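Trainee: Sharing a structure below in C-alpha cells format, with a few things to ask.
Just so it is clear, none of the values below were taken in a lab; they were calculated from the coordinates. Keep in mind that this is a model prediction, so the values were computed, not measured. Because the Cβ atoms are built from the backbone with ideal geometry, glycine has one as well, and the counts that use them run over all protein chains shown.
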Amino acid sequence: MAGVWILVEHRDGEIRRVTLEAAGAARKVADELGTEVTAVMLASGLEDKAAELGAYGVDKVLYAEGEAFAYYTAEVYAAAVAELVKQHQPDVLLFPASLQGKDLAGRLAAKLDVSVAVDCTALAVADGRLKATRPMYAGKVYAEVILSGQPQIASLRPNVFDVVETGGSAAVEKVEVAAPEPRVTLDEVLKEAEGKIELTEASIIVSGGRGMKAAENFKILEELASVLGAAVGASRSAVDAGWRPHTDQVGQTGKVVCPNLYIACGISGAIQHLAGMGTSKVIVAINKDPDAPIHSKANYSVVADLFKVVPPFTEECKKIKAAQ
C-alpha cells in the first residue's frame, strides 16, 4: 500500500494546527490499514520545519521547495499535488476542511477523477476502504460514505480531530515538482489584526447577532473574548448589517466551527447559523427571547438581556483569572 497522505498547511513560517489534527486522524487510519503516514509539504524556506511533523504521527515528509509555493495558489498547488499523487499512488489523501483545504480537495478530486468527502467529523476503515462520516442538509443528518477510486480524498472539520503527539521526527525527502504559471498572481497578503485568533481554530468563540443592535456594541464581546482567550464571531445578520467583517461570519454561508465553548449573544439561532456551530462541544445561549431557536440547541440558556448579563460576567471572569 502507498499509504495515507496529508497536505501540510503553513502560515507565516509555522505549520498550522489543522495540519496536526489531520496528522492525528491519518495516523489512526494508517494503523488500521497497516501502512505509513506521509505529509506533502509545498513551501519556501521551511524545510527545517518538515521533520517536526514526526512528533505528530507522520513517518515521512515529501518536501517541495520553491518560491511558487510560498503562498497558496489553487492552480499551482493542485498541479503539484496531482503530479506527486500520480507518481506515488497513495491510497488515502486527507486535507483540513479549511478554506484552503476545501478549495484544493475539490479541485484535486476533479483533476484526478475520484470521489471526495468534505467536512468530515469521523473516519474509520471498512473492508480496507475509508469510511467517512459527514453532515448533510445543514447538519440535520449525518451520512456514512465509503469512498471509491484512488486516492480516497476527504477533508476534515477543524477542532474535531485530536492532535496526537507521538514523539520522534519524520524522514524528509526533497522532491521536484513542476509549478505551472498561474493565471492569477498574488501581489500582497493582507494580514488580520495582530493576535486575532482564527475562528476555525479557536477553542472558545463569543458570537454576536442582531441582538447586538450596533457595531460599537461588539466591544462588549471583544472584552469578554480577550479575557477568555477567545475569538469573536458573528451571525449573518450582523455581518449583513455591516457590524462585522465577513471573515467573522459563522454559519452555512460563513465558517463552520467546532470550539470547546460557543457563547451565542443575541443570536436567534436560524438553521443557517446552527449549521455552522451546531457541533460545538458546549453551547451557551444568551437571548431575552425564551422562544428563540438557539435555546433548544444550547447546553446552557440565559433568558435575559445580554447587555445586563455579559458585562458583569466579564468582570467575574477577570476576577477568577486574576486569582489564578
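Trainee: For the chain, what's the relative contact order in percent, using C-alpha pairs closer than 8 Å and at least 6 residues apart?
Mentor: Values: 711 pairs, mean separation 47.1, N = 324.
Taking the mean separation of contacting Cα pairs over the length of the chain, I get 15 percent.
Trainee: Add -39500 (n - 2.57) for each DSSP H run of 4 or more in the chain, then divide by its residues: what number comes out at 222 nm, to the nearest 500 deg cm²/dmol? Walk me through the intermediate numbers first.
Mentor: On the way: 9 runs with 95 residues, N = 324.
Computed mean residue ellipticity for the chain: -9000 deg cm²/dmol.
Trainee: Express in nm, to one decimal, how much length is gained between Thr253 and Ser203 on full extension, taking 0.36 nm for each residue of separation and deducting their alpha carbon distance. If you can, show how the numbers build up before the last one.
Mentor: On the way: separation 50, 0.36 × 50 = 18.00 nm, distance 2.09 nm.
Full extension from Thr253 to Ser203 adds 15.9 nm.
Trainee: Okay, moving on. Given Cα positions, please report Rg to Rh for region 4-174, the hydrodynamic radius being the Kirkwood one. List each step's numbers first, then the result.
Mentor: Values: Rg = 14.7 Å, Rh = 15.8 Å.
Ratio value, two decimals: 0.94.
Trainee: Let me ask something additional. Amide H of Arg11 versus every other amide H placed in the peptide plane: which residues, excluding those fewer than 5 positions away on the same chain, fall under 5 Å?
Mentor: Arg16
Trainee: So, one more: Treating only the Cβ of Lys, Arg, Asp and Glu as charged (+1, +1, -1, -1), what charge dipole size does region 1-99 show about its Cα centre? Round to the nearest 20 debye. Don't jump to the answer; show the numbers that get you there.
Mentor: Details: 8 positive and 16 negative charges, 44 e Å.
Approximately 220 debye in magnitude.
Trainee: Taking only C-alpha pairs under 8 Å that are 6+ residues apart, what is the relative contact order of region 91-179 in percent? Working shown, then result.
Mentor: On the way: 139 pairs, mean separation 30.3, N = 89.
Taking the mean separation of contacting Cα pairs over the length of region 91-179, I get 34 percent.
Trainee: In whole Hz and in residue order, list the ³J(HN,Hα) couplings for region 73-84 that follow from phi through the Karplus curve 6.51 cos²θ - 1.76 cosθ + 1.60, θ = phi - 60°; x for Gly and Pro.
Mentor: 10, 3, 4, 5, 5, 4, 5, 5, 5, 4, 5, 5
Trainee: On average over all directions, what projected area in square nanometres does region 199-323 have, based on the convex hull of its Cα atoms? Spell out each step's value before the answer.
Mentor: On the way: hull surface 26.7 nm².
Spelled out: convex hull of the Cα atoms, projected over all directions, averaged, 6.7 nm².
Trainee: Suppose R0 equals 22 Å; then what is the FRET efficiency for Lys191 and Arg17 from their Cβ-Cβ distance, rounded to the nearest 0.05?
Mentor: Numbers: r = 18 Å, r/R0 = 0.80.
Between Lys191 and Arg17 the formula returns 0.80.
Trainee: Give me Rg/Rg_expected for the chain, where Rg uses Cα atoms only and Rg_expected = 2.2 N^0.38 Å with N residues.
Mentor: Working: Rg = 21.0 Å, N = 324, 2.2 N^0.38 = 19.8 Å.
Against the compact-globule rule of thumb, the ratio is 1.06.
Trainee: Moving on to the next point. Nearest 10 degrees is fine. How inclined is helix 99-112 to the longest principal axis of the chain, computing both from alpha carbons?
Mentor: Computed tilt is about 40 degrees.
Trainee: At Asp291 and Lys111, where each label point lies 7 Å from the Cα along Cα→Cβ, what is the point-to-point distance in nanometres?
Mentor: Each label point is offset 7 Å from its Cα along the Cβ direction, giving 5.3 nm.
Trainee: Further question: Considering only DSSP beta bridges with both partners in the chain, what is the antiparallel share in %, to the nearest 5?
Mentor: Numbers: 13 of 57 bridges.
Looking only at bridges with both residues in the chain, the antiparallel portion is about 25 percent.
Trainee: So, with +1 on the Cβ of K and R and -1 on the Cβ of D and E, and no other charges, what is the size of the charge dipole of region 199-323 about its Cα centre, to the nearest 20 debye?
Mentor: Details: 13 positive and 11 negative charges, 21 e Å.
I would put it at about 100 debye.
Trainee: Here is a follow-up. With charges only on Cβ, +1 for K and R and -1 for D and E, what is the dipole size of the chain about its Cα centre, in debye, rounded to 20?
Mentor: Details: 33 positive and 42 negative charges, 257 e Å.
I would put it at about 1240 debye.
Trainee: Helix 306-323: angle to the longest alpha-carbon principal axis of the chain, degrees 0 to 90, nearest 10?
Mentor: For helix 306-323, the angle is close to 70 degrees.
Trainee: Now a separate question. On a 0 to 90 degree scale, rounded to 10, what angle separates helix 218-228 from the longest Cα axis of the chain?
Mentor: Long axis of 218-228 versus the principal axis of the chain: about 60 degrees.
Trainee: If I model a spin label at Tyr71 and Asp31 as a point 7 Å from the Cα along the Cα→Cβ vector, what separation in nanometres do I get?
Mentor: Each label point lies 7 Å from its Cα, and together they span 3.9 nm.
Trainee: Among Thr247, Ala215, Ile15, which residue has its Cα furthest toward the positive end of the charge dipole of the chain, with +1 on Lys/Arg Cβ and -1 on Asp/Glu Cβ?
Mentor: Of the candidates, Ala215 comes out farthest on the positive side.
Trainee: How big is the gap, in Å, between the Cα center of region 249-324 and the Cα center of region 1-71?
Mentor: Region 249-324 and region 1-71 have Cα centres spaced 34 Å from each other.
Trainee: Collect residues whose amide H, placed 1.01 Å from N in the peptide plane, falls under 5 Å from the amide H of Phe95; neighbours closer than 5 in sequence don't count.
Mentor: The list, which skips near neighbours in sequence, is Ala154, Ser155, Leu156.
Trainee: Right, here's the next one. Debye calculation, C-alpha points only, no solvent: report log10 I(q)/I(0) for region 146-250 at q = 0.10, 0.12, 0.22 Å⁻¹, in the same order as the q values.
Mentor: Those come out to -0.54, -0.72, -1.17, one per q.
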